[in-house]
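Here is the structure we will look at.
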Amino acid sequence: MARSRTASPERPARKTITLPASVGVNVPRKDGRDKVTGAALYLDDLRVPGVLHGRTVRSTVANARIVSVTLDPAFDWTGMTVVDHRDIPGENCVAVIERDQPMLASTHVRHVDEPILLLAHEDAERVEAAVSAVKIEYEPLTPALNLEESLEKKALVRGDDNVFKTIRIERGDLDEAFVRSDRVIEGEYWCGHQEQLYIENNAMLAERTKDGGIHIRGSMQCPYYVHGALQVLLNLPPEKVRIEQTVTGGGFGGKEDYPSVIGGHAALLAWKSGRPVKIVYDRLEDLAATTKRHPARVRIKTGVMNDGTLVALDADVVMDGGAYLTLTPVVLSRGAIHAGGCYRWDAARIFARAVATNTPPNGAFRGFGAPQTLFAIESHMDRIAAELGMDPLALRRKNAVKLGDVTPTGQVLKESVGSHEVLERTAKRAKYAEKRARYERENAAAEAAERAGKGAKDGRRLRRGIGMALAMHGAGFTGSGESKLNSLAALDLTPDGRPCVRISNTEIGQGTNTVFGQIVGEVLGIPHEQVLVHVPDTDHVPDSGPTVASRTLMVVGGLIEKCAKKMKEKLELFAEHPIEGGADFARIAKRWLKERGPLRVEQRYQKPTGIEWDDDTYQGDAYGVFAYAAIAVEVEVDLDTAETKLLHVTTAQDIGRAIHPVLCAGQIEGGTLQGLGWALMEEVRHKDGKVWNHQLTNYIIPTSADAPPIDVEIVEIPYSNGPWGAKGVGELPMDVPAPAVIAAIAHATGCRLDEIPATPERLMRALQRRGA
Amino acid sequence: MKTAISTLAVECPKHLKHALTLLHESLATERLTPLAGGTDLFVYLNAGSHRGTRFLDLAPCAELRGIKAIKGRLRIGALETFDRIARHPKMAAWPLLVQAARCVGAAQIQNRGTIGGNIANASPAGDSLPVLLAYDALVHVASVRGERTIPFRELQTGYRQLALEADELIVAVELPEVPAGAKQFFRKVGTRAAQSISKVVFAGVLVPGRGGQWSHVRLAWGSMAPITVRSLRAEAALLAHKPSAQAAAWADVALGEDLVPIDDIRSDAEYRLSAARHVLAQFLRSSHAGFRG
Ligand SMILES: Cc1cc2nc3c(=O)[nH]c(=O)nc-3n(C[C@H](O)[C@H](O)[C@H](O)COP(=O)(O)OP(=O)(O)OC[C@H]3O[C@@H](n4cnc5c(N)ncnc54)[C@H](O)[C@@H]3O)c2cc1C
């Protein structure tokens, strides 16, 4: 990992006392020791007296009317809690953006593995056996199983046109721009589902409380989403619903909306039985039933000049939302906004639709729609370069946005634009030009040798290639999202005088708790270890919004920084001297508690000035700022088996100030590998609407043996509204690997795939079409 | 775990003879399922697809262990793990089995998974199986009635079906000497670099005779049919011919007739056949420089 930094904005001036700086330092993780030693308790580790084990009975058909549900009389149902839609005290829905998804299907099922019945028993083995003792009779209807069938209205899954949401972004005179262009270049790009594959499967525990409410603990990203959904489901006031996060083994978006479903199920079983109920999915169920990345088809038509100047963009995006709406409109929105890539267009039109299919609902996944459209536009850039006979790097250099440029939504890029910096640094570190030339030379030599019968001794026919990609990724919620969230963060003092961060943002492995300790420690001038981060528990933390959209550090971190400043001011005024380190802080804090009582400071989100967004026209500042990433991927393709081996990856990413560089590099490496998996091997295969490969044997993700060396350079161009200049890093790395892999394969073999994953099967067909 | 673990029982025999008696006696009620490394059985138990509830732990049977060379032949006990096989110095003369062993799962699986289990599990994708076929391996089996020997090529009778009696155990595999001067080749085409199930797995042995013609040809394939198969037409296209581009082309055409792969969850027939043809071509190129692929 390398770092390069441009001047940091107003770093708080230090007094004479030297303190251990926290921000920018690779301090040990707060949760590291417990996780490494196994002391951390995940939901399934919790031993709860009297607990029942819950299971879900799911549909086996993609579209049908439920005729009957029968409990086999031959089975012993003693002690079994059985819940169906009639047992729901409130509204039968999973309340997210809309309320279209039933918590339990009643009359119809709209996808395979849709929950119909819930079972719970003290004995986990009995409840497992009971699942197959439930007989469900269906009257099958024709399903629409993919986005093409949905567009053709093979079945009506939603409304009278199957469309969940339509977005139009228009800027400039498109017709005129096409007329002015030297050439028009078109392409169509496809990408499939992807599973988040957190290590810990979805898991929840629900208990009725003495005061007639519900207490839910579990693996999740967004406690207040579950809080909202449970109020509707159980018809309870907010104060009767308590949601508490347990140690969470990864999320990647997969625990953004789905916890409301499994949490709702556990709650219904607890409600009826009066006992605590645990639902822990195994991998088979989690892979088959939970949300995935939205598949997409993107058609792009561009007008370009012969010298490579981009002029006009016409993009048509279709995403497959699955059977219910979930977060689809927001995913589509981010996808549409990013469809123009990291480039200047004189005129652009982006038309995006999300459609319904009879497949399990898709949801949030790292990047949230942007990786799909960025895969398309970046692949298209490589195609434009090929058609113009131009180097793809030169094409990007010519068109990448600069400070002051305007995006298709009319957003003027006012600060922290790292596009050219990341592009040049990546090209340089990867020795892009040299490698490109060398691989071309070597491939030509290999081909000539093979023709002459003098190929490699082991008989292999290998070709190498290098490809690049560039992207910008909006940090934080889209459009007016942050204002609507109206996040509130708090910082208070524990009885023993330690500062305690109270936010609903969750540690899900990315290091949130550690960096919040650093931020508060830095402002207060105390060691980061002295700072506590409260367990996200809706009874004890305010709603600081969901843990999504690369917003936690940039947005909520900023609120906590302000809280810490307020606390510092109060305590220093009270003590009548500046805080001098950890021990001094503790002394002052304890005195305050004794003399003045509890101390709590809060900060609500305030929209930075000069950021305007119009939801109706889709014009304005879509994000406060963008983060930027470039990547170079080198591959080796075996022409005999069409297998692609990843040789090396180089990436430079402008994430603003890195509060904890090692954690940032970890996000970049992990996100890159997730992107490489999506590009090459991760493919959710369906059979009649059911996820066919719902086991790790056949849903293929890269192992450590598949992971190439990833050389990361962090570029730190500060953002004035982020704490110490930080921007978002969580999603950005997911944006660039896939198109770079496709470009590298094209460079190696001359075969360009427009669909990912680039499995050997797809590539073999392409190679054979080309006659290799 | 879809299987109710509390309903399962494991018998621990004292030695092989005892194991064979227990296995034989179990036929009267519920057959004991032999348990070696458990790397296949545990997957079935997790998925709930194994019906049996009683198991016979083979670990105490010392007679099922050991790798011994006897007059140029090699005897490998059924309980030998892939890790032990890959590391054993005597294996040097059978390099294809070492290569296959090194690509089974990853280190953890190689530490537990046994060659006997791979044979008995009889998956069409078992990675050691084409090697056993290419080496003309013999399989030694035993029951209360005594020992017998079955050529590996006669062992598999259908999809996951073996010519074994219900009370027989696999005791060992025996590898004959590989003819001098043999060209040997192994290639696994899987879903990724490790922990991967084969889409195509190939083991080949070519022995040049006196006049330069191939005098012994074995081309064995996994994941291409319900059982591990030799491509006999392709073998015939090479046998008694000198290495040449022409012979390679005949073999390639013949292979297309030999192999009728299927579409499944991991790959499709078209890919499997293309990859197989290319792998054979690669073997021929590597075994005789001067070929065109
Ligand atoms: C993660 C993972 C990856 C894997 N990767 C591969 C791979 O790459 N390639 C591959 O080929 N396999 C792979 N496997 C499958 C498995 O590891 C092998 O088939 C292994 O050889 C099985 O041996 P075992 O000793 O574990 O068998 P067990 O699971 O103990 O037994 C398997 C079957 O054989 C029977 N059996 C075992 N020993 C005998 C005997 N001596 N006589 C009669 N019957 C017997 C058992 O009753 C059972 O039916 C993988 C498995 C896992 C879990």
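The values are calculated or read from the model by the stated rules, or taken from the named source; none is laboratory data. If you're wondering where the values come from, they're calculated on a predicted model, not measured in any experiment. Heads up, the Cβs are rebuilt from the backbone with ideal geometry, glycines too, and the neighbour counts pull from every protein chain shown. With ligands, DNA and RNA removed, areas are computed over all heavy atoms of the protein, side chains included. Shrake-Rupley method; radii C 1.70, N 1.55, O 1.52, S 1.80 Å.
Brief remarks follow.
- Spatial separation of Cα centroids for the range A:59-116 and the range A:380-420, in angstrom: 50 Å
- Note on A:Glu434 and B:Arg31: their simple-model spin labels are 6.4 nm apart, each label 7 Å out from Cα toward Cβ.
- Two tests apply to each whole DSSP H helix in chain A, Cα reach of 27 Å or more along its axis and mean Kyte-Doolittle hydropathy of at least 0.0, and the ones passing both are A:661-680.
- Shown for the range A:504-586: the carbon plus sulfur share of the solvent-accessible area, taken with all protein chains present and a 1.4 angstrom probe, equals 53%.
- A loss of 40 Å² or more of accessible area (1.4 Å probe, protein heavy atoms, ligands and nucleic acids excluded) relative to the isolated chain is seen in these residues of the range B:238-277: B:Ile265, B:Glu270, B:Tyr271.
- In the context of the full set of protein chains, residues of the range B:134-249 present 39 Å² of accessible surface per residue (probe radius 1.4 Å, heavy atoms only).
- The local environment of A:Ala105, defined by Cβ-Cβ distances under 14 Å, has a net charge of -3 under the rule Lys, Arg +1 and Asp, Glu -1.
- For the range B:9-57, the spherically averaged projection of the C-alpha convex hull amounts to 3.3 nm².
- By average C-beta atoms within 10 angstrom, highest first, the peptides A:658-671, A:252-265: A:252-265, A:658-671
- Paramagnetic reach from A:Ile199 in the range A:237-254 [backbone N under 18 Å; point 7 Å along Cα→Cβ]: A:246-254
- Residue-normalised accessible area of the range A:674-772, expressed per residue, 1.4 Å probe, Å²: 28 Å²
- At q = 0.09, 0.16, 0.17 Å⁻¹ the log10 of I(q)/I(0) for chain B amounts to -0.45, -1.29, -1.42, computed by Debye summation with a single uniform scatterer per C-alpha, solvent ignored.
- Sparsely packed loop sites in the range A:178-232 (the trypsin sites (Lys or Arg not before Pro) outside DSSP H, G, I, E and B with at most 15 other Cβ atoms within 10 Å) comprise A:Lys210.
- Label zone (A:Phe75, point 7 Å along Cα-to-C-beta; backbone nitrogen cut-off 15 Å) within the range A:88-129: A:116-129.
- B:Asp57 paired with B:Lys242, simple spin-label distance in nm, labels 7 Å along Cα-to-beta-carbon: 6.2 nm
- Counting only protein heavy atoms and a probe of 1.4 Å, the accessible surface of the range B:183-286 is 55% carbon and sulfur.
- On full extension, the segment bounded by A:Lys210 and A:Ser106 gains 34.4 nm, given 0.36 nm per residue less the C-alpha separation.
- Estimated FRET transfer efficiency (A:Arg441, A:Lys607; beta-carbon r; R0 60 Å; 0.05): 0.65
- Burial of 20 Å² or greater, the range A:675-697 residues [accessible area, probe 1.4 Å, versus chain by itself]: A:Arg685, A:Trp692, A:Thr697
- Spin-label model, A:Asp688/A:Arg769: points 7 Å from Cα along the beta carbon direction are separated by 3.1 nm.
- Per residue value of the accessible surface for the range B:9-57 (all protein chains in place, 1.4 Å probe), Å²: 53 Å²
- Within chain B, longest stretch clear of exposed GluC sites (Glu not before Pro) (DSSP loop, no more than 16 other Cβ within 10 Å): B:31-164
- Charges were assigned to the Cβ only: +1 to each Lys and Arg, -1 to each Asp and Glu. The resulting dipole of the protein assembly as shown about its Cα centre is roughly 2820 debye.
- In the B-A interface, the accessible area buried, summed over both sides, Å² (probe 1.4 Å): 2800 Å²
- Positive-end extreme of charge dipole, the range B:62-175 - chosen from B:Ala120, B:Gln156, B:Leu64 (charges on Cβ): B:Leu64
- Length gained when the stretch A:Val25-A:Ala452 is fully extended (0.36 nm per residue, less Cα-Cα span): 148.0 nm
- Of all accessible heavy-atom area on the range B:62-175, the percent that carbon and sulfur account for (1.4 Å): 51 percent
- Full extension of the chain between B:His216 and B:Glu270 yields a length gain of 16.5 nm, computed as 0.36 nm times the residue separation minus the alpha carbon distance.
- Once the Cα gyration tensor of the range B:62-175 is diagonalised, semi-axes √(5λ) in Å: 20, 16, 13
- Listing of the range A:643-662 residues, each with accessible area lower by at least 40 Å² in the full protein assembly than in the chain alone (probe 1.4 Å): A:Glu643
- Taking a quarter of the surface of the Cα convex hull of the range B:183-286 gives a mean projected area of 6.2 nm².
- Each 20 Å bin from 0 upward holds the following percent of the Cα-Cα pairs of the protein assembly as shown: 12, 37, 36, 14, 1, 0.
- Under 5 Å between amide hydrogens, built in the peptide plane, is the criterion, and for A:Gly656 it picks out A:Ile717, A:Lys727 among residues at least 5 positions away or on other chains.
- Checking every one of the trypsin sites (Lys or Arg not before Pro) in the range A:22-125 against DSSP loop status and a limit of 11 other Cβ atoms within 10 Å picks out A:Arg47.
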